[in-house]
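Participant: Provided herewith is a single structure, encoded as structure tokens, for subsequent inquiry.
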């Protein structure tokens with residue numbers, strides 16, 4: 001009995017040891033197994049999807065593989081089969097994608113079963129909005145539930161457009177005015193709603209939505225007699241009285257006037273007073289650059305260099321980072337990280353969806369969580385800008401990211417690097433590089449120009465009639481190419497980029513290679529810009545820019561040349577330095 005008991009004891013010890021070793025091995029595997037995201041290699045994803053002992057990692061790998069751009073609906077269905085288990089936040093996403101894959105394959109009954117399961121198991125999850133949309137019909141009970149429960153969700157906005165088209169019920173237009181003024185197809189619903197008997201508040205809301213659509217005539221017609229009492233709509237229309245300058249703007253305009261008068265002592269004093277106020281990094285960079293230049297012009301070269309070096313250490317990006325670098329004739333220090341961490345920028349669930357390559361789901365959840373409220377704080381603008389970039393809406397995204405930067409969303413240099421990476425995407429880079437190479441242009445200059453002209457959105461048309469990626473007027477394009485390209489041609493980046501590069505090259509040749517004058521000419525026209533040419537253009541080019549009489553062109557030149565510098569820093573291509 002003792003021997004037998006000892007044997008049991010030995011077996012128990014051995015079993016416990018096995019458990020300990022197994023646990024240790026599993027922890028070790030967790031430490032050495034790489035994180036899975038959309039950047040993971042296809043080989044790693046396929047191997048993990050088939051052989052990883054952890055079912056959660058298998059599902060992650062399958063979900064990433066299923067959302068790669070070239071995956072067919074049948075393969076997506078195979079990859080996601082039986083992956084909707086558990087209460088994980090990814091489960092409703094999987095069920096939605098299973099339903100969409102079945103629908104794409106014509107398997108209506110199977111698709112409906114997945115939508116129904118999604119609604120039953122995850123009634124409050126954002127993908128359930130899609131379930132209500134696909135299970136319902138325009139205006140029916142399920143679509144009405146969708147509009148009430150998920151008012152700002154893209155599925156609800158699509159349902160409102162469908163409802164308007166089928167029934168012309170004004171409530172559809174009112175829903176779009178409140179939750180989705182710029183949603184595709186909303187314009188017709190808004191205009192139809194304006195023809196109905198609306199209360200004053202409802203009419204102003206619809207008119208404001210039309211103004212946001214860009215249809216100014218329709219907005220004014222919708223306002224009717226309410227025009228004098230609708231300041232919000234008039235602001236969108238650009239008809240409201242201009243807002244007074246902020247204290248920071250007033251202080252800068254005073255300093256700028258002194259600089260243009262070459263009153264370096266007075267400018268220095270005014271700029272020092274600005275330093276006593278809290279300033280965001282971009283505004284602080286502007287003040288520091290001009291403080292350095294004032295010191296330089298007053299003969300204190302050492303103080304000027306110290307100020308510019310501090311600027312370059314703390315805010316190396318943009319126009320003033322470039323000018324400080326040029327004045328010092330030195331490159332900035334190495335950026336702190338090649339790819340700064342983005343932890344904490346977005347809520348964890350949205351960050352995971354972006355990392356897995358499912359940006360549409362992240363965007364839809366963001367809209368639902370915020371209830372359609374516009375982003376306002378610097379952090380919210382940064383977050384929404386990133387999410388809009390994920391779904392390809394660069395036009396609004398870059399405007400939001402620019403506002404976030406101006407308002408000081410980034411704290412410290414590492415965050416600046418991350419924000420500037422988001423503000424300077426590289427869409428159409430290969431195409432623009434090729435166009436720049438053909439004209440012997442700096443590719444960063446052409447990319448920076450496109451970023452400012454169209455926010456890298458090739459379908460943009462300006463109120464002046466300029467079209468496409470590099471915003472060419474049809475009349476200008478006709479002078480650059482024979483036969484003259486049509487407007488539809490100019491909407492194609494493949495035609496627009498070479499013509500824009502050719503036009504920029506002409507402006508550079510006319511400006512004897514001077515980037516300040518060439519950039520001003522691209523915006524204001526060579527005739528107007530040529531008339532501004534004077535000795536400051538070469539001696540104090542920064543002062544020449546501040547003397548440009550068109551405020552739009554003055555800002556434009558600084559934006560384009562600042563973009564060029566930032567792209568060079570982020571891409572480690574300090575060309576023509």
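The values are calculated or read from the model by the stated rules, or taken from the named source; none is laboratory data. Just so it is clear, the structure is predicted and the values come from calculations on it, not from any experiment. Cβ atoms come from the backbone with ideal geometry, glycine included; neighbour counts cover every protein chain shown.
Quick grid of which residues meet (1) touching a residue at least 40 places away in the same chain (Cβ under 8 Å); (2) out of contact with any strand residue (DSSP E or B) (no Cβ under 7 Å at 6 or more places or on another chain); (3) buried (at least 21 other Cβ atoms within 10 Å of the Cβ):
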{"site": "265", "(1), (2), (3)": "no, yes, no"}
{"site": "289", "(1), (2), (3)": "yes, yes, yes"}
{"site": "318", "(1), (2), (3)": "yes, yes, yes"}
{"site": "347", "(1), (2), (3)": "no, yes, no"}
{"site": "350", "(1), (2), (3)": "no, yes, yes"}
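Participant: Here's something else I'd like to know. With the checklist (1) closer than 19 Å to residue 406 by Cα; (2) part of a helix (DSSP H, G or I); (3) modelled with pLDDT of 90 or more in hand, flag the one item residue 278 doesn't pass.
Facilitator: (2)
Participant: Looking at region 88-114, which of the residues that are without any contact (Cβ under 8 Å) to a residue 12 or more places away in the chain and not in a helix (DSSP H, G or I) is surrounded by the fewest Cβ atoms within 10 Å (Cβ to Cβ)?
Facilitator: 106
Participant: Output the number of the condition that residue 445 fails; it satisfies all remaining conditions of (1) at pLDDT 95 or above; (2) more than 29 Å from residue 571 (Cα to Cα).
Facilitator: (2)
Participant: Can you tell me which condition residue 152 does not meet? The list is (1) touching a residue at least 12 places away in the same chain (Cβ under 8 Å); (2) assigned to a helix (DSSP H, G or I), and all the others hold.
Facilitator: (2)
Participant: Something else now. Tell me, which helices (runs of 4 or more DSSP H) lie completely within region 509-558 with 2 or more residues that are over 21 Å from residue 466 (Cβ atoms), in the same structural domain as residue 476 (by TED's automatic domain parsing) and touching a helix residue (DSSP H, G or I) at 6+ places or on another chain (Cβ under 8 Å)?
Facilitator: 536-539, 541-546
Participant: Please give the helices (runs of 4 or more DSSP H) falling wholly within region 304-384 in which 1 or more residues are under 26 Å from the mean Cα position of the chain (by Cα) and under 30 Å from residue 158 (Cβ atoms).
Facilitator: Filter on region 304-384 gives 348-355, 359-370.
Participant: Is it fair to say residue 457 is part of a loop (DSSP other than H, G, I, E, B), touching a helix residue (DSSP H, G or I) at 6+ places or on another chain (Cβ under 7 Å), touching a residue at least 40 places away in the same chain (Cβ under 8 Å) and within 24 Å of residue 317 (Cα to Cα)?
Facilitator: For residue 457, the condition - part of a loop (DSSP other than H, G, I, E, B), touching a helix residue (DSSP H, G or I) at 6+ places or on another chain (Cβ under 7 Å), touching a residue at least 40 places away in the same chain (Cβ under 8 Å) and within 24 Å of residue 317 (Cα to Cα) - is met.
Participant: Hey, can you tell me all the residues within region 490-501 that are assigned to a helix (DSSP H, G or I) and either out of contact with any helix residue (DSSP H, G or I) (no Cβ under 8 Å at 6 or more places or on another chain) or buried (at least 19 other Cβ atoms within 10 Å of the Cβ) (or both)?
Facilitator: If the condition is that a residue be assigned to a helix (DSSP H, G or I) and either out of contact with any helix residue (DSSP H, G or I) (no Cβ under 8 Å at 6 or more places or on another chain) or buried (at least 19 other Cβ atoms within 10 Å of the Cβ) (or both), then 490, 493, 495, 496, 497, 498, 499, 500, 501 are the ones that fit.
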